[in-house]
Amino acid sequence: MRRSFSLRLNFLKNNKQMTIDLSKIKNYLQISVTTHDVVLTSFMTAVCAFAESYCNRVFVKSNFEEIYSGNGQFIFLKNYPVVELSKVEYKNGPNSNPNWTEYVEDDFDLVDNRKLYKAGFWFGGVNNIRVTYSAGYENNPADLEQALIELIAKKLNQRKSDGISGEGVDGANVNWVRELSEEQKIIVKRYKKVIV
């Protein structure tokens, strides 16, 4: 239990949360004043956290080091799209004193920005392949970002129609999925991580 907690902390420390530029949200809403900046920023933070949680993935380009078991010809990386593969290594020696040896770049191929393919097979074993790489998006996917901006606009308009004048975000546990239109659901589901 303690190990998974420390892994989660490492994940949070090394990766940034998705954000949307406030000016894009205000342009969509045709707002030029700063009156709603606090609430819009709160909605933006909440809706981006929802997108990452629902899709079970990191969107912002980040660095990863992951361990896999070498079985078969494919290794499906946990994060994608892969931007750069730094190194792929296999483990020699005992677990107490492992020696990591780097594969030559010509030994494998990256397929579909997610799968590592090796003609023949990866060295067989458990937790014996280490992959260091960067994955994610330099910029938010345009269709996903637009769907999230529309969701923020919907929540702001609901606040106005309900006569809420305060700047705090009521109901921090908003069920964002319920608020999505059918078209927005299709877009968000398109980015949901496929577990292989």
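What is the extension gain from K193 to E105, computed as 0.36 nm multiplied by their sequence separation minus the C-alpha to C-alpha distance, in nm to one decimal? Mind dumping the intermediate values first?
Numbers: separation 88, 0.36 × 88 = 31.68 nm, distance 2.67 nm.
Between K193 and E105, full extension yields 29.0 nm more.
Using the Cβ-Cβ distance between S69 and Q146 with R0 set to 22 Å, the FRET efficiency works out to roughly 0.05.
Cross-link pairs exceeding 32 Å between alpha carbons, from the set K26/K192; K26/K115; K87/K193; K91/K185: K26/K115; K91/K185. Coupling constants for region 19-35 follow from the phi torsions by the Karplus curve (6.51 cos²θ - 1.76 cosθ + 1.60, θ = phi - 60°), and in residue order they are 9, 10, 4, 4, 5, 5, 5, 5, 4, 4, 7, 6, 10, 10, 8, 9, 3 Hz; glycine and proline get x.
Laboratory data are not the source of any read-out in this text; all were calculated from the coordinates shown. This one's a predicted model, so the numbers in the text were calculated from it and none came from an experiment. Every residue, glycine among them, receives a Cβ derived from its backbone with ideal geometry; neighbour counts consider all protein chains shown.
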